[in-house]
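The values are calculated or read from the model by the stated rules, or taken from the named source; none is laboratory data. These numbers come from a predicted model, not from an experiment. Cβ sites come from the backbone with ideal geometry, for glycine too, and all protein chains shown count toward neighbours. Ligands, DNA and RNA are stripped out before the accessible areas are found, and what is left, the full protein with its side chains, is counted by its heavy atoms. Shrake-Rupley method; radii C 1.70, N 1.55, O 1.52, S 1.80 Å.
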Amino acid sequence: MPKKVIPKKMPAKRTSNKIPQLLRGFKDILPVDQQYWRLVRQAGQDFADGYSFGKISLPILEESNLFVRSIGKDTDIVQKEMFTYNDVSEGSVTLRPEFTASVARAYINHGMFNLPQPVKFYYFGPLFRRDKPQAGRYRQFYQLGYEVIGDTGAIIDAQLIVLAYNLLNQLGLKNFTIQINSIGTPESRKEYKKELVSYYKSKRKMLCENCKKRLLKNPLRLLDCKEASCQPFKGEAPQIVDWLDDESKAHFMKVLEYLDGLDIPYILNPYLVRGLDYYTKTVFEIWPAEKEDGAQGALGGGGRYDGLIETLGGRPTPAAGFSLGVERLIIQLKEQEVKLTNHQAPKIFLAQIGDQAKIKAMKLFEQLRADGIIAAENFTKDGLKNQLEIANNLGVRYVLILGQKEVVDGTILLRDMESGVQEVFDFNKTLQEIKKKLSAN
Ligand code: HAM
């Protein structure tokens, strides 16, 4: 008998009878929440239109190398948070953890330096980071953002901040602050980093484990450590603004001048350094007011990244941008009890009794829909009482009723749920009459 060959590596057991569950840090966005999503997405698009940003849609999967080179190999995102796997044909690929790198890649790939500069991009979509899940921090989350590629002007930085400020106000958010800093050029930062490391070296023993590593690999991040044990050292630490080269300093002053001129409130935060390596000069973050030093609560962030396109192999091209975290915006909209107007809520209910009426009602429903009038219905129910109850629960003001008698007479009933008054109309005038009622309200 030939021996049975047992494969050396058995595939992992994948089948189970348990009900499949969501992965940690992943979320379903249910219909009840979609109003908020629609509001944010629509405001994002309206602002893109208003400020002439063109929408860009980018792939979810990219070469890992794109993010390693852009975000920086020693950053938390690249070190710990990327969903990376080895693809059979493409090699190491990664689910995008942010958009800026992909926008820069697309700008180079499509030769957009040939277009009139700057080129302005808007995006909205999901990102993936293997972060420790908690409220407002997910492994799949959404950002909307704006990038301006091809201009060095401080006015670009200021206008991006103005856009962010106006967008949050338009959404109805009141309590937020804009924090701003400048981290200069990589050259001016070299000297500053030396100074920072020498300051923190003397405190090494008292630093948290993470900061001990940062001291070697990513010293700027020492400044925004949230551990209590590291807080006492911040106050005396050297501040990056004192190390800025003249050009970065002048650029920063100009940005602040523009913001002052436009009455945009901001807070200067000398410890703001951001967690991605590509930034130069201006950096900023937006925080809900009550959480200014919270661990993971920034609503958004961005800044200038004049070296990124060149790092990726393009021509030297200045750029700036920012992104907002959609889930965090929605948490704030809910906490601040921002009222939503649901334009998609049905305005009328279409009730029917009997088979003949059902067909006529279904036809009418299609006519209403084609005319942009959203009608609720429950064609599977037969009793009028039942249907009026549903209409009542939906909070619609008007119910159109088609019964056997109305079908025979060629009429339709219109019931005002507020007053209880019912009127009879010629069926052919239904659209006309319902429009009159709706526009009167
Ligand atoms: P970021 O600070 O990494 O910047 O992310 C921007 C925003 O995305 C954060 O302020 C936060 O609202 C949201 N966010 C980040 N991680 C999570 C998470 N795990 N769960 C929920 N929300 C999260 C960037 O991504 C840069 N690309 C921004 C930029 C654009 N810089 C220049 N242009």
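Out of P126, P97, P116, one residue alone is surrounded by fewer than 17 Cβ atoms within 10 Å (Cβ to Cβ), at pLDDT 95 or above and under 22 Å from the mean Cα position of the chain (by Cα). It is P126.
Every residue, every condition in (1) in contact with a strand residue (DSSP E or B) (Cβ under 7 Å, 6 or more places away or on another chain); (2) within 10 Å of the ligand (Cβ to nearest atom); (3) not aromatic (F, W, Y), yes or no:
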{"residue": "Y271", "(1), (2), (3)": "no, no, no"}
{"residue": "I286", "(1), (2), (3)": "yes, yes, yes"}
{"residue": "E290", "(1), (2), (3)": "no, no, yes"}
{"residue": "G297", "(1), (2), (3)": "yes, yes, yes"}
{"residue": "G303", "(1), (2), (3)": "yes, yes, yes"}
{"residue": "D306", "(1), (2), (3)": "yes, no, yes"}
{"residue": "G313", "(1), (2), (3)": "no, no, yes"}
{"residue": "I331", "(1), (2), (3)": "no, yes, yes"}
{"residue": "Q336", "(1), (2), (3)": "no, no, yes"}
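If you go through the stretch 21-37 and keep only what is at pLDDT below 95 and open to solvent by 60 Å² or more (accessible area, probe 1.4 Å), you end up with P31, V32, Q34, Q35.
Condition first: in a loop (DSSP other than H, G, I, E, B) and over 29 Å from the mean Cα position of the chain (by Cα). Now tell me which residues in the stretch 233-280 satisfy that. Those that are in a loop (DSSP other than H, G, I, E, B) and over 29 Å from the mean Cα position of the chain (by Cα): K234, G235, E236, A237, P238, Q239, L244, D245.
Kindly indicate whether any position in the stretch 147-158 is under 18 Å from the mean Cα position of the chain (by Cα) and near the ligand (Cβ under 8 Å from one of its atoms). Taking every residue of the stretch 147-158 in turn, at least one turns out to be under 18 Å from the mean Cα position of the chain (by Cα) and near the ligand (Cβ under 8 Å from one of its atoms). Looking only at the stretch 194-225, residues that are under 23 Å from D242 (Cα atoms), among the basic types (K, R) and open to solvent by less than 80 Å² (accessible area, probe 1.4 Å) come to 3 in all.
Among the conditions (1) in contact (Cβ under 8 Å) with a residue 24 or more places away in the chain; (2) more than 12 Å from the ligand (Cβ to nearest atom), the only one that V68 does not satisfy is (1). Quick one: what pairs do we get from the stretch 323-340, first residue in the same structural domain as T177 (by TED's automatic domain parsing), second more than 10 Å from the ligand (Cβ to nearest atom) and of a type in the set (V, I, T), C-beta under 6 Å, 6+ apart or different chains? If the second residue must be more than 10 Å from the ligand (Cβ to nearest atom) and of a type in the set (V, I, T), the pairs left are V326/V40; L329/V40. Determine whether K120 is under 19 Å from D306 (Cβ atoms) and among the basic types (K, R). Criteria met by K120. Among the criteria (1) part of a helix (DSSP H, G or I); (2) open to solvent by 70 Å² or more (accessible area, probe 1.4 Å); (3) modelled with pLDDT under 90, the one C230 does not fulfil is (2).
Test F53 against the criterion of being within 16 Å of the ligand (Cβ to nearest atom), closer than 18 Å to Q140 by Cβ and buried (at least 20 other Cβ atoms within 10 Å of the Cβ), and give yes or no. So F53 fails the test. Among residues of the stretch 392-403 that are in contact (Cβ under 8 Å) with a residue 12 or more places away in the chain, those with a Cβ under 7 angstrom from a residue that is among the polar types (S, T, N, Q) and open to solvent by less than 10 Å² (accessible area, probe 1.4 Å), sequence gap 6+ or separate chain, pair up as L400/T430; L402/Q352. Restricting the stretch 93-116 to residues that are over 14 Å from S323 (Cα atoms) and touching a residue at least 60 places away in the same chain (Cβ under 8 Å) leaves a set whose member that is nearest to the ligand (Cβ to nearest atom) is A104.
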